Every structure is written in C-alpha cells, then in structure tokens.
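Undergrad: Before we start, here is the structure in question, set down as structure tokens.
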Amino acid sequence: MAQYFEIYADNPQPRLLKQAATLLAGGDILAVPTDSSYALVCRLDDRDAVDRIRRLRQINDKHHLTLLCRDLSELASYAHVDNRQYRLLKLATPGPYTFILDATKEVPRRVCHPQRKTIGLRVPDRKGLQMLLELHGAPLLASTLIPAGEDEPLNDPQEIRERYEKQLDGIIDAGACPLEPTTVIDLTAMGTGGEAVVVREGRGSLQALGL
C-alpha cells in the first residue's frame with residue numbers, strides 16, 4: 001500500500017520529502033510531480049525497482065528512461081557533454097526538456113538504450129522534486145506515468161492513488177502538473193559535428209533554444 005505525501009507546490013514540507021527520500025533509498029518506487037507531468041521514479045542503481053517500472057509501464061529496454069538531475073554539473077557526470085552541447089543545455093535548464101546524450105560509465109548499461117548506449121537526461125524545474133533530489137543526493141531514474149495501453153500521462157494525484165495504490169510504494173501529491181510532455185532533443189550528433197535533432201516538441205520552447 002503506497003504511502004501518500006501531500007505537499008505544498010510552492011513551499012514543500014521538508015519533513016514529508018525526507019520520508020519519501022527514505023523510501024527511495026530503500027529501493028521503493030514513487031509517483032512524483034514534475035514540471036511536465038507525473039512520473040515514476042526510483043534509484044538509478046536498483047535493478048529490481050527499474051524492472052518494476054518497466055513492468056508497470058509495459059515498456060521494453062529500447063524505451064529511453066530519463067535521469068532526473070539536480071543541475072548541469074550532476075548531469076555532466078552521467079553523460080558525455082562537449083562545449084556545443086553544454087551551451088544548449090545551459091539555455092534549457094532547469095526546464096521541461098529531455099536531452100538524449102551518450103552515457104558515461106556511471107550509468108548502468110541496463111538502463112541505457114541497448115544499441116546506442118544513450119540515456120535521456122533532464123533538470124526539472126519543480127521545487128518539490130528539486131528538494132527530493134537534494135535529499136536523495138543523486139539523480140533519480142524516471143519514466144512518465146502513462147498507463148499501459150493509454151496515450152496520455154496521469155495528472156491527478158487522487159486518480160494515481162486509486163489506480164496504483166497497491167503497485168507503488170509512495171505518491172507525492174503536489175497538485176496537478178501542466179500535463180504537457182517535455183520537449184525531447186537528441187544531442188548525440190552534436191558530439192561529432194552534427195546538429196541537435198528534435199525528437200518530440202512539447203512544453204519546452206524550441207525558439208528559446210534557437211531551434
């Protein structure tokens with residue numbers, strides 16, 4: 001049965017987020033609000049938790065999971081980033097963008113794309129989630145909470161509770177999210193002199209990045 005943490009979006013209670021961080025440290029899976037939609041998160045190095053997320057979402061190992069990072073310096077520990085890529089990342093973070101980059105050895109191979117060895121990374125602009133990342137002390141592995149067989153992510157924490165209370169270990173309720181997916185940009189080609197490739201246009205403005 002999932003523990004339920006009701007927090008204020010603008011002034012989240014540290015006591016509740018510390019309890020949520022303790023669940024993550026123990027290998028649990030949480031539903032959390034981001035600056036785009038609700039997502040499932042777990043520890044990066046927890047194989048069982050990652051497998052549970054894949055089963056819940058009914059996705060295979062070719063589906064990019066995303067690392068939620070506190071800032072660009074943390075992101076750069078998990079992805080190979082050159083100067084051109086860094087300048088673009090700096091314009092976009094924190095914010096509703098997901099970037100596909102070549103993963104470093106810090107990222108377990110089982111959570112990378114099996115052929116390309118890439119990973120999705122983002123720095124979210126959501127106060128409660130940033131505080132949770134700080135308390136956890138490391139990036140979290142995430143997947144948008146889209147029910148199996150459906151196209152739209154869940155946005156109502158009460159509905160998430162009704163549908164997943166017995167499958168999740170914790171739910172952080174900070175109210176509704178914007179319910180618009182992140183803009184996904186593949187930066188891998190930039191590392192060899194190519195250009196950024198827009199994979200999906202979402203909430204993040206392309207014009208703001210000059211794309």
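The values are calculated or read from the model by the stated rules, or taken from the named source; none is laboratory data. Bear in mind that the values here come from a model prediction, so they are computed numbers and not experimental data. Here the Cβ positions follow ideal geometry from the backbone for every residue, glycine too, while neighbour counts run over all protein chains shown. Quick note on the areas: whole protein, heavy atoms, side chains included, nothing else; ligands and nucleic acids left out. Shrake-Rupley method; radii C 1.70, N 1.55, O 1.52, S 1.80 Å.
Undergrad: Write down, largest first, the equivalent ellipsoid semi-axes of segment 40-130 in whole Å, where each equals the square root of 5 times an eigenvalue of the alpha-carbon gyration tensor. Intermediate values should be presented prior to the final figure.
TA: Values: eigenvalues 96, 50, 24 Å².
After diagonalising the Cα gyration tensor, the semi-axes are 22, 16, 11 Å.
Undergrad: Please compare each pair in K18/K117; K117/K166; K62/K117 to a cut-off of 22 Å on the Cα-Cα distance and tell me which ones are over it.
TA: On the way: K18/K117 33 Å; K117/K166 33 Å; K62/K117 10 Å.
With Cα atoms farther than 22 Å apart: K18/K117; K117/K166.
Undergrad: Here's a follow-up. Can you tell me the alpha carbon radius of gyration of the chain divided by the globular rule-of-thumb value 2.2 N^0.38 Å?
TA: Working: Rg = 16.1 Å, N = 211, 2.2 N^0.38 = 16.8 Å.
Expressed relative to 2.2 N^0.38 Å, the Cα Rg reads 0.96.
Undergrad: What full-extension length gain, to one decimal in nm, is calculated for A25 and A148 as 0.36 nm per residue of separation minus the Cα-Cα distance? Could the numbers behind the result be given before it?
TA: Details: separation 123, 0.36 × 123 = 44.28 nm, distance 2.64 nm.
Value of the extension gain: 41.6 nm.
Undergrad: First obtain the Kirkwood hydrodynamic radius of segment 73-197 from its Cα pairs, then insert it into the Stokes-Einstein equation at 37 °C and 0.692 mPa s, and state the resulting D in µm² per second as a whole number.
TA: Values: Rh = 16.2 Å.
Calculated translational D: 202 µm²/s.
Undergrad: Percent of alpha carbon pairs in segment 142-211 separated by more than 19 Å? Let's see the in-between values first.
TA: On the way: 1200 of 2415 pairs.
More than 19 Å apart: 50 percent of the Cα pairs in segment 142-211.
Undergrad: What do you get for the angle between helix 47-57 and the principal long axis of the chain? Use alpha-carbon atoms, 0 to 90 degrees, nearest ten.
TA: Computed tilt is about 80 degrees.
Undergrad: For a label point 7 angstrom out from the Cα of K90 toward its Cβ, which stretches of segment 188-211 have the backbone nitrogen within less than 12 Å?
TA: The answer is none.
Undergrad: Starting from the Kirkwood radius over alpha-carbon pairs of segment 50-95, derive D by Stokes-Einstein at 25 °C in a medium of 0.890 mPa s and give it in µm² s⁻¹.
TA: D = 196 µm²/s.
Undergrad: Here is a further query. What's the angle, to the nearest 10 degrees (0 to 90), between helix 83-92's Cα axis and the longest principal axis of the chain?
TA: 40 degrees
Undergrad: Per residue, how much accessible area does the chain have with a 1.4 Å probe, in Å²?
TA: Working: 9970 Å² over 211 residues.
Heavy-atom accessible area per residue stands at 47 Å².
Undergrad: Aspartates and glutamates near K90 by alpha-carbon distance under 20 Å, same-chain residues fewer than 8 away left out - which ones?
TA: D35, D71, E74, D82, D102, D125, E134, D186, E195, E201
Undergrad: So, how do all the Cα-to-Cα distances of segment 1-51 break down into 5 Å bins, in percent, from 0 on up?
TA: Values per bin, smallest distances first: 4, 19, 27, 27, 16, 5, 1.
Undergrad: Here is a further query. Return the distance in nm (one decimal) between the two label points of a simple spin-label model at R47 and R161, each offset 7 Å from Cα along Cα→Cβ.
TA: Using points 7 Å along Cα→Cβ, the separation is 3.6 nm.
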